[in-house]
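Q: The following block contains the structure, expressed as structure tokens.
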Amino acid sequence: MDVDTLVEPGAILPDLRANSKKQVLQELAGKAAELTGISEREIFETILGREKLGSTGVGNGIAIPHGKLADLDRIVGLFARLSRPVDFDALDDQPVDIVFLLLAPQGSGADHLKALSKVARLLRNRTIVDEIRATRDASAIYALMTNAMAQNAA
Amino acid sequence: MLESLYVLILVGTILIVVAAFSSLLAFRFGAPLLLLFLSIGLLAGVDGIGIDFDNAGLAYFVGTIALAIILFDSGFGTRISTFRLAAAPALTLATFGVLATAILFGLAASYLLGLSLVEGLLLGAIVGSTDAAAVFFLLRVGGITVRERVRSLLEIESGTNDPMAIFLTVALVETIRAGSGLESVGIDVALGLVGQMTIGLFGGLMGGMMIVSVIRRLAIDRGLLPIITLALALSVFAAVGAVGGSGFLAVYVAGLYAGNAKLSGGPTIKRFQDGLTWLAQIVMFLILGLLATPSQFGEILWQSLVLAAFLIFIARPIAVWLCLLPFDFQRREMAFVSWVGLRGAVSILLAIVPLIGGLDESRLFFNAAFIIVLVSLLVQGWTIANVARRLGLVVPPQTGAIEKHELELPGSPDHELLSYRVVDGSPVARGERIPRWARPSLVIRDGRSMRYQYAGRLQAGDYVFLFISPRYPPLLDRLFARPADLSPDDAEFFGEFTVDPAANAGALAEAYAIPLQPEEAAMTVSELMMSRLGGEADYGDRVSAAPVELIVRQVGLDGTVVAAGLSLEPERGRGSHIPLFFSRRDLVAGVRRLFSRPGRQP
């Protein structure tokens with residue numbers, strides 16, 4: 001499972017504007033709805049439900065909201081770099097400016113978790129994250145992530 | 001005559017000073033400190049500088065007193081809650097475990113050294129117990145935090161298994177001296193054991209009550225308090241021993257009782273005993289090192305090395321596995337417990353018993369035991385931290401460094417005066433307020449004192465004085481601690497995501513496809529974790545909820561989980577692949593698989 005199967009170049013938002021956690025999730029749900037054809041409301045409810053179990057902010061300004069959808073046929077990733085960090089109730093209290101949304105089909109079990117931990121490991125790499133933060137270009141971000149994944153795999 | 005007395009004292013004190021100083025080196029290099037003391041004794045001894053010390057009786061006398069002091073202190077420092085946490089498995093190890101180790105080892109020893117079976121068993125009994133001093137030292141000072149349940153188990157085991165080994169050794173020496181074989185070891189020996197332990201237990205309890213009531217009643221100079229405590233403890237040891245009980249068990253139990261009695265002078269006594277325990281250890285190891293004659297080791301060197309390996313890799317693991325099987329321990333926990341089977345001074349001390357008893361092969365026993373202890377300290381002592389890390393049993397530090405002093409207050413065991421130094425980067429230095437219940441009273445800044453209300457925001461370097469109940473310091477520690485340095489490994493340890501312990505377990509199960517028992521679906525995540533942990537959650541505990549794993553990040557005062565993490569890749573390379581120490585759960589699963597297999601075939 002590579003990053004190019006998780007996220008397409010078109011699913012990268014290099015400069016998303018939002019004022020709150022809720023708005024970030026809403027924007028991402030809207031974009032995901034465009035990509036998957038599933039209703040924005042369903043996606044939003046799903047990822048908001050997951051946030052209620054505990055913030056998906058993993059620290060260092062990174063959040064990985066995720067959830068499972070019944071009508072999805074593949075794992076879909078969506079990446080956003082926020083123009084301004086927002087509070088995400090993260091464990092380390094740092095505002096978040098890097099968000100990776102991961103949606104998976106209902107029955108995807110192990111694949112869902114594997115994809116999640118892959119993303120978590122990728123974003124734990126400080127150098128990559130710093131480089132992504134310095135970029136405002138979707139294709140550059142895509143290239144950075146694909147490279148990093150390839151290195152991680154090796 | 002007088003001159004030689006001075007020389008003796010001079011040599012003795014110099015040895016102690018050298019040994020004490022060498023501890024600085026040992027801390028730096030992580031070498032097992034006790035090994036160092038032993039080596040200094042060896043170096044000074046007959047094959048080194050040439051001090052010819054050959055008084056086995058004196059060595060045994062000094063060693064016995066030193067061991068009694070160490071055991072009293074280890075009981076005194078064990079909290080009763082810790083004791084309860086691990087008492088059942090620890091006591092199984094301390095009794096049945098010692099016996100099983102001694103028997104397994106005895107069989108191998110009598111084969112390898114060409115001894116009779118009784119003599120082999122004697123050597124097994126001599127090396128049968130783990131060493132309290134070594135285990136305590138390596139677990140507490142070794143710079144690692146091992147998970148509480150495992151640490152308690154090991155500490156209590158090492159504190160309580162000496163009486164069993166001592167009893168077996170003495171009984172076997174008697175048997176051999178009487179010229180009889182194994183067949184004479186019968187029901188009376190077993191009864192003797194039960195009698196000794198019972199008298200030891202009750203004598204210790206009564207002794208503990210006596211110590212507590214004496215200390216409570218005596219209005220005595222603070223400086224004398226620890227001395228009286230110690231003298232009383234040793235008198236309990238001696239009295240119980242004199243009436244045929246196990247003095248070592250008694251002195252441990254007395255320490256356990258007195259240490260948990262919330263004595264007003266407790267901290268003073270503890271501080272004194274810490275120092276004295278060090279001295280006892282140094283003296284014990286020095287004297288035992290002096291007594292040894294390394295030039296004789298050659299005769300039985302390879303046999304002893306093989307036996308040491310047998311003890312470490314076969315006898316102890318089997319004994320541990322058999323003892324812990326009825327309890328719910330994970331494989332890696334059992335592996336670690338068997339690795340921390342450190343032998344130490346007690347074994348060498350017991351090896352003197354045959355010398356005193358005048359057995360034919362007594363030197364052989366002593367030398368073999370000595371080599372085995374050396375190997376154990378060297379191999380196991382040096383690798384404990386690494387093994388714990390490998391097995392995933394090291395808990396990342398909960399907080400960073402704290403600078404804290406406790407001051408005793410006269411007449412109020414329910415309150416204490418705490419002083420914290422505000423360190424850079426701690427929550428209070430970043431502006432967090434101290435809660436009112438902590439009663440912050442005084443701030444000392446740049447040598448000037450001021451009331452807390454007027455001190456404004458605390459600055460690094462301030463000293464804050466608080467007047468609180470001893471129940472609360474864990475919360476305060478967090479406020480005054482430097483943030484813990486967590487490595488990426490630690491981040492993995494606590495799981496990628498946070499989970500709200502108050503959230504509904506059913507919702508969590510749905511999000512990650514965790515199969516739950518029907519009754520678990522209505523629980524909160526905290527309740528689910530506690531129930532799967534068997535009722536007690538502890539910082540760093542991992543709860544299997546396949547396909548994920550839940551980790552206790554923080555426990556509240558009432559014992560519930562107040563912060564939890566979720567790991568997506570449970571047990572990555574953390575010892576679950578060890579092909580040994582199958583836990584009860586593994587065995588049940590294995591049996592089920594065995595029986596279900598034929599059914600599945602068409």
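Q: Roughly how big is chain A's charge dipole about its Cα centre, with Cβ charges of +1 (Lys, Arg) and -1 (Asp, Glu), in debye to the nearest 20? Before the final figure, lay out each step's value.
A: Details: 18 positive and 21 negative charges, 51 e Å.
That gives chain A a dipole magnitude of about 240 debye.
Q: I would also like to ask the following. With all protein chains present, calculate the accessible area of residue A:52 using a 1.4 Å probe and round the result to the nearest 10 Å².
A: Rounded to the nearest 10, the figure is 150 Å².
Q: Let me ask something else. Rank A:133, B:84, B:439, B:147 by accessible area, highest first, at a 1.4 Å probe radius?
A: Largest accessible area first, the residues go B:84, B:439, A:133, B:147.
Q: Could you calculate the FRET efficiency of residue B:356 with residue B:421 from 1/(1 + (r/R0)^6), where r is the beta carbon distance between them and R0 is 45 Å, rounded to 0.05?
A: On the way: r = 52 Å, r/R0 = 1.16.
It comes to 0.30.
Q: As a test of the definition: with a 1.4 Å probe, what buried accessible area, both sides summed, do you compute for A against B, in Å² to the nearest 100?
A: On the way: alone 7570 and 27990 Å², together 33990 Å².
By this definition, chains A and B bury close to 1600 Å².
Q: Whole-Hz Karplus ³J(HN,Hα) for the range B:370-386, in order, using 6.51 cos²θ - 1.76 cosθ + 1.60 and θ = phi - 60°, x for Gly and Pro?
A: 4, 4, 5, 5, 4, 4, 4, 4, 5, 6, 7, x, 6, 10, 3, 4, 5
Q: Right, another one. In straight Cα distance, which lysines are under 27 Å from residue B:270, not counting same-chain residues fewer than 8 positions off?
A: Of all the lysines, those that pass the test against residue B:270 - Cα under 27 Å, at least 8 places apart if same chain - are B:262, B:404.
Q: Follow-up. Hey, what number do you get for the protein assembly as shown at 222 nm if only DSSP H runs of n ≥ 4 count, each worth -39500 (n - 2.57), divided across all residues, to the nearest 500?
A: Numbers: 31 runs with 414 residues, N = 756.
That calculation yields -17500 deg cm²/dmol at 222 nm.
Q: A further question follows. Using 1/(1 + (r/R0)^6) with R0 = 41 angstrom and r between the beta carbons of residue A:131 and residue B:558, what's the FRET efficiency to the nearest 0.05?
A: Values: r = 46 Å, r/R0 = 1.11.
Efficiency, from the Cβ-Cβ distance: 0.35.
Q: Assuming R0 = 35 Å, what is the FRET efficiency of residue B:216 and residue B:439, from their Cβ-Cβ distance, to the nearest 0.05?
A: Numbers: r = 27 Å, r/R0 = 0.77.
Efficiency, from the Cβ-Cβ distance: 0.85.
Q: Kindly tabulate the residues in the range B:505-544 with an accessible-area decrease of at least 30 Å² between the chain alone and the assembly of all protein chains, using a probe of 1.4 Å.
A: B:511, B:512
Q: Something else now. Given Cα pairs under 8 Å that are at least 6 residues apart, what percent is the relative contact order of chain B? Don't skip to the end; give the middle numbers.
A: Values: 979 pairs, mean separation 93.2, N = 602.
So the answer I get is 15 percent.
Q: Which distance in nm do the two modelled labels at residue B:14 and residue B:80 give, with both placed 7 Å along the Cα-to-Cβ direction?
A: 5.0 nm
Q: While we're here: For A:117-130, what's the mean count of beta carbons from other chains sitting within 10 Å of each residue's beta carbon?
A: Numbers: counts 7, 1, 2, 7, 5, 0, 1, 4, 1, 1, 0, 0, 0, 0.
Across A:117-130, the average partner-chain Cβ count within 10 Å equals 2.
Q: At residue B:116 and residue B:407, where each label point lies 7 Å from the Cα along Cα→Cβ, what is the point-to-point distance in nanometres?
A: 6.7 nm
Q: Expressed as a whole percentage, what fraction of the accessible surface of the range A:18-87 belongs to carbon and sulfur atoms when a 1.4 Å probe is rolled over the protein heavy atoms?
A: Values: 1160 of 2760 Å².
About 42 percent, which is the carbon plus sulfur part of the accessible surface.
Q: Let me ask another. At each listed q (0.14 Å⁻¹), what is the log10 of I(q)/I(0) that the Debye formula gives for chain A modelled as equal alpha-carbon point scatterers?
A: Debye output, listed in q order: -0.61.
Q: Looking at the P(r) of chain B, how many percent of alpha-carbon pairs lie beyond 34 Å? Numbers along the way, then the final one.
A: Details: 88743 of 180901 pairs.
When every Cα pair of chain B is considered, 49 percent fall beyond 34 Å.
Q: Still on this structure: In what sequence, highest mean first, do B:247-257, A:28-38 appear when ranked by Cβ atoms within 10 angstrom? If you can, show how the numbers build up before the last one.
A: Working: B:247-257: 29.5, A:28-38: 17.9.
Top to bottom by mean Cβ count within 10 Å: B:247-257, A:28-38.
Q: Over the range B:488-570, with every protein chain in place, what whole percent of the accessible area is carbon and sulfur at 1.4 Å, could you tell me? Mind showing how you got there, number by number?
A: Values: 1720 of 3220 Å².
Answer for the range B:488-570: carbon and sulfur cover 53 percent of the accessible area.
Q: Under a point spin-label approximation (7 Å from Cα along Cα-to-Cβ), what is the residue B:386-residue B:448 distance to one decimal in nm?
A: About 5.5 nm, to one decimal.
Q: Separate question: Across bins of 10 angstrom width beginning at 0, how are the C-alpha pair distances of the range B:54-390 distributed, in whole percent?
A: Once binned at 10 Å, the Cα pair distances of the range B:54-390 give 6, 27, 36, 23, 7, 1, 0.
Q: With a 1.4 Å probe and all protein chains left in place, how much accessible area per residue does the protein assembly as shown have, in Å²? Show your work: numbers first, answer last.
A: On the way: 33990 Å² over 756 residues.
Counting only protein heavy atoms, the per-residue value for the protein assembly as shown is 45 Å².
Q: Oh, and also: Percentage of Cα-Cα pair distances in the protein assembly as shown greater than 38 Å, rounded to whole percent? Spell out each step's value before the answer.
A: Details: 143076 of 285390 pairs.
Summing the P(r) tail past 38 Å for the protein assembly as shown gives 50 percent.
Q: Excluding residues fewer than 8 places away in the same chain, name every one of the aspartates and glutamates whose C-alpha is closer than 12 Å to that of residue A:118.
A: Counting by Cα, and skipping residues close in sequence, residue A:118 has these aspartates and glutamates nearby: A:2, B:496, B:569.
Q: Another question, if that's okay. Got a number for carbon plus sulfur as a percent of the range B:241-346's accessible area, 1.4 Å probe? List each step's numbers first, then the result.
A: On the way: 2440 of 3520 Å².
Looking at the range B:241-346 in its full context, I get 69 percent from C and S.
Q: Only four residue types carry charge here, +1 at the Cβ of Lys and Arg and -1 at the Cβ of Asp and Glu. Report the dipole size of the range B:305-457 about the Cα centre in Debye, rounded to the nearest 20. Spell out each step's value before the answer.
A: Numbers: 17 positive and 12 negative charges, 151 e Å.
Here the range B:305-457 has a charge dipole of around 720 debye.
Q: Any lysines with Cα under 22 Å of the residue A:22 Cα? List them, leaving off those in the same chain fewer than 8 positions away.
A: Qualifying lysines at Cα under 22 Å: A:31, A:52, A:68.
Q: Please report the spacing between the Cα centers of the range B:524-549 and the range A:1-58 in Å, no decimals.
A: Their Cα centres are 30 Å away from one another.
Q: Work out, step by step, the length gained on full extension between residue B:379 and residue B:536: first 0.36 nm times the residue separation, then minus their alpha carbon distance; give nm to one decimal.
A: 53.2 nm
The values are calculated or read from the model by the stated rules, or taken from the named source; none is laboratory data. Predicted, not measured: the structure shown is a model, and the values here were computed from it. Don't worry about glycine lacking a Cβ; one is built from the backbone with ideal geometry, like all the others, and counts go over all protein chains shown. Each accessible area value is taken on the protein alone, full model and side chains, heavy atoms only, with ligands, DNA and RNA left out. Shrake-Rupley method; radii C 1.70, N 1.55, O 1.52, S 1.80 Å.
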